[in-house]
Structure formats: structure tokens, C-alpha cells
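Have a look at the structure below, then the notes.
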């Protein structure tokens, strides 16, 4: 059995409780970018974060348009792909949008 000194254990627990979202996102992104595809359970094991923390981080990375998600599978987007998706989806004058990897005609408001 592994014995960890109490001060180290308390330090580790408080670090895990106090990690900012940005630090979690960076950790999750690094693991996603290191592989072609990775699943949420694999990210849980690799990062040591809880499933809700991994899912929340993945959702922020997907919203930021730097990661693409298909079911539980995640992949880092190439820079050009990310930039094009941002320009298309955030431009009011673009006649198209990209949703879940599919190019669609933008719906008219009203």
C-alpha cells in the first residue's frame, strides 16, 4: 500500500479542488491534441479530472471552435479549419453555417 504524507495529500486534494477552468481546459486540450481522437472516458483517465469536469471543459473547447466532438470522441481542429469555422459561424452576412461538421444554409431570422 502506498503511504502519502498528510501535507502532500492535503496539497494534492486542495489543488484538485481549486483548479481554474482555464487550467482544466488547457490540460484537456493538450491531451486531445496529442492524439487523433480521444474519448471522454480516456480523458478522465489521462487527466485525473472527473467526468463532469472533462465534459464541461470539452464543451467550452467545442464552443471556442478549437475542438470538434462526435459523440464521446473529441479531436483538435487544424488552425485553418478553426479559423474558417469561426468566420463562417460568427459572420452575420455569411449565407452558410457549419454545425457538427455539416455545412448548412443559414436560417433566416423572423
Query raised in the report: For the subset of the range 62-72 comprising residues that are touching a helix residue (DSSP H, G or I) at 6+ places or on another chain (Cβ under 6 Å) and under 14 Å from residue 40 (Cα atoms), which member is surrounded by the fewest Cβ atoms within 10 Å (Cβ to Cβ)?
Result: 72
Query raised in the report: If you take the residues in the range 73-103 that are within 20 Å of residue 25 (Cα to Cα) and touching a helix residue (DSSP H, G or I) at 6+ places or on another chain (Cβ under 9 Å), which one is surrounded by the most Cβ atoms within 10 Å (Cβ to Cβ)?
Result: 74
Query raised in the report: Hey, does the range 91-103 have a residue that's at pLDDT below 90 and on the phi > 0 side of the Ramachandran plot?
Result: yes
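For every residue, the table says whether it meets (1) modelled with pLDDT under 95; (2) more than 21 Å from residue 99 (Cβ to Cβ); (3) in contact with a strand residue (DSSP E or B) (Cβ under 6 Å, 6 or more places away or on another chain).
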residue	(1), (2), (3)
10	yes, yes, no
22	yes, yes, no
28	yes, yes, no
45	yes, yes, no
62	yes, no, yes
71	yes, no, no
**Report entry** Members of the range 54-110 that are part of a loop (DSSP other than H, G, I, E, B) and farther than 26 Å from residue 39 by Cα
**Finding:** 91, 92, 93, 94, 95, 106, 107, 108, 109, 110
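The values are calculated or read from the model by the stated rules, or taken from the named source; none is laboratory data. Note that this is a predicted model, so its numbers are computed, not measured. Cβ: placed from backbone, ideal geometry, glycine included. Neighbour counts: every protein chain shown.
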